[in-house]
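The values are calculated or read from the model by the stated rules, or taken from the named source; none is laboratory data. These numbers were taken from a predicted model, which means no experiment stands behind them. Positions of Cβ are generated from backbone atoms using ideal geometry, with glycine treated the same way; all protein chains shown enter the neighbour counts. Ligands, DNA and RNA are excluded from the accessible area calculation, which covers all protein heavy atoms including side chains. Shrake-Rupley method; radii C 1.70, N 1.55, O 1.52, S 1.80 Å.
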Amino acid sequence: MLEICALASGSNGNSYYIGNEWEALLIDAGISTKQLFLRMQSRGLDPHKIRAVFLTHEHSDHSRGIQVLSKRLSVNIWMSAKTWNSLPVYHRPPWVRFFEPGETVTIGSFGVHTFLKNHDAADPCSFRISHGEKSVGVFTDIGTPCDRVKKELGECQAVFMESNYDEKMLWEGSYPWPLKQRVASDVGHLSNLQALQLVQEHAHPGLECLFLSHLSQENNTPGKAFTAFEPLHGRMQVKLTDRHAASDLYRLE
Ligand SMILES: [Zn+2]
Ligand SMILES: [Zn+2]
């Protein structure tokens with residue numbers, strides 16, 4: 001049995017929980033430890049089950065909470081060496097381990113498959129977490145989908161998939177022009193439509209649950225993202241994530 005939950009998701013903080021009865025992993029910790037623990041509590045999840053935290057990249061919406069969390073739980077934060085070098089000193093955790101992108105790291109009964117993605121960070125990575133026959137993908141902060149994410153998506157029964165912006169809202173919105181271009185670029189974020197297309201073309205036929213993740217506060221609404229994925233609503237559970245609260249807990253049996 002696997003339980004998964006987005007503890008925080010959005011442009012101002014991200015953290016994703018994947019656990020079984022005895023142990024758990026977090027992907028990113030971009031909110032305070034206090035908030036993380038409160039949100040875990042709200043879903044009946046025990047922080048002391050966390051065995052490791054994997055960091056996708058150095059941006060503060062993913063890394064802000066790792067130092068305190070690592071100290072509090074005496075838990076290793078796994079990242080690439082290049083990510084460590086780009087991490088501000090005040091975010092550097094006391095407990096750190098390194099992986100090479102492309103490597104699979106085993107933590108208890110989990111396999112963490114690490115791979116590079118297209119995003120404007122030093123060494124941005126995505127992760128597919130395997131557990132027995134099941135796999136969960138955490139695929140956010142993707143400028144444009146590469147062959148690696150297409151292949152890994154095809155292995156997953158549940159996915160946290162970036163659905164960052166509505167194209168009309170971005171281009172007609174208040175962001176300064178260079179920022180609009182950055183978001184839409186090949187090293188920025190995925191729009192609702194890009195994410196839908198990626199899932200339609202490359203998802204495993206057994207994909208059961210799709211969490212729409214990393215929604216922009218300025219350039220998207222939960223309603224717009226959810227509606228964009230209407231073509232998939234009959235085929236799988238499509239769920240929203242929240243920047244201010246934990247998402248639904250989903251169980252993969
Ligand atoms: Zn980022
Ligand atoms: Zn981000």
Study note, to complete from the structure: The answer for the net charge of residues other than His113 whose Cβ lies under 9 angstrom from its Cβ, with Lys and Arg +1 and Asp and Glu -1, is -2
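What do you get for GluC sites (Glu not before Pro) in segment 1-74 restricted to DSSP loop and a cutoff of at most 11 other Cβ within 10 Å of the site's Cβ?
Details: sites: Glu3, Glu21, Glu23, Glu58; in loops: Glu21, Glu23, Glu58.
Those satisfying the criteria are Glu21.
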Practice item. Just read off the accessible area of Val89 with the full protein assembly in place, 1.4 Å probe, to the nearest 10 Å². Key: 110
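Roughly how many debye, to the nearest 20, is the charge dipole of the chain about its Cα centre, given +1 on each Lys and Arg Cβ, -1 on each Asp and Glu Cβ, and no other charges? All intermediate terms of the calculation are to be shown ahead of the outcome.
Numbers: 25 positive and 28 negative charges, 133 e Å.
Dipole about the Cα centre, nearest 20: 640 debye.
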Study note, to complete from the structure: Counting only protein heavy atoms and rolling a 1.4 Å probe, one gets per residue an accessible area for the chain in Å² of 41
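State the percentage of accessible surface on the chain attributable to carbon and sulfur atoms; use a 1.4 Å probe and exclude ligands, DNA and RNA.
Values: 5150 of 10300 Å².
Taking all protein chains in place, the chain shows 50 percent carbon and sulfur surface.
Full-extension gain between Ser42 and Ser60, please, as 0.36 nm times their residue separation minus the C-alpha to C-alpha distance.
Numbers: separation 18, 0.36 × 18 = 6.48 nm, distance 2.41 nm.
Contour length minus Cα-Cα distance gives 4.1 nm.
Of Lys49/Lys180; Lys117/Lys168; Lys168/Lys239; Lys71/Lys224; Lys82/Lys151, which sit over 30 Å apart, Cα to Cα?
Details: Lys49/Lys180 40 Å; Lys117/Lys168 25 Å; Lys168/Lys239 22 Å; Lys71/Lys224 39 Å; Lys82/Lys151 24 Å.
In this structure, Lys49/Lys180; Lys71/Lys224 lie more than 30 Å apart at Cα.
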Study note, to complete from the structure: Note to self: C-alpha centroids of segment 1-40 and segment 193-253 sit apart, in Å, by 17
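Loop only per DSSP, at most 14 neighbouring Cβ atoms within 10 Å: give me the GluC sites (Glu not before Pro) in segment 126-163, ordered by residue number.
Passing both the DSSP loop test and the Cβ count: Glu133.
Students sometimes get this wrong: rank Tyr250, Tyr175, Tyr90 by accessible area, probe 1.4 Å, all chains present, largest first. Please list the in-between numbers first.
Values: Tyr250 30, Tyr175 55, Tyr90 155 Å².
Result of the area sort, largest leading: Tyr90, Tyr175, Tyr250.
Within the chain, what percent of beta bridges assigned by DSSP are antiparallel, to the nearest 5? Intermediate results must be reported in sequence, preceding the final value.
Values: 27 of 51 bridges.
In the chain, approximately 55 percent of DSSP beta bridges are antiparallel ones.
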Point to revise | List Val187, Val238, ordered by accessible area with a 1.4 Å probe, largest first | key: Val187, Val238
Review point. Within the chain, which is the longest segment containing none of the trypsin sites (Lys or Arg not before Pro) that sit in a DSSP loop and have at most 15 other Cβ atoms within 10 Å?
Key: 44-234
Point to revise | Cleavage-rule hits, chymotrypsin sites (Phe, Trp or Tyr not before Pro), segment 15-87, DSSP coil, Cβ neighbours within 10 Å at most 11 | key: Trp22
Exercise for review: Using only the Cα atoms of the chain, construct the convex hull and provide its projected area averaged over every direction, in square nanometres to one decimal.
Suggested key: 12.1
Exercise for review: Taking all pairs of distinct Cα atoms, average 1/r, flip it, and tell me the Kirkwood hydrodynamic radius of segment 126-250 in Å to one decimal place.
Suggested key: 14.6
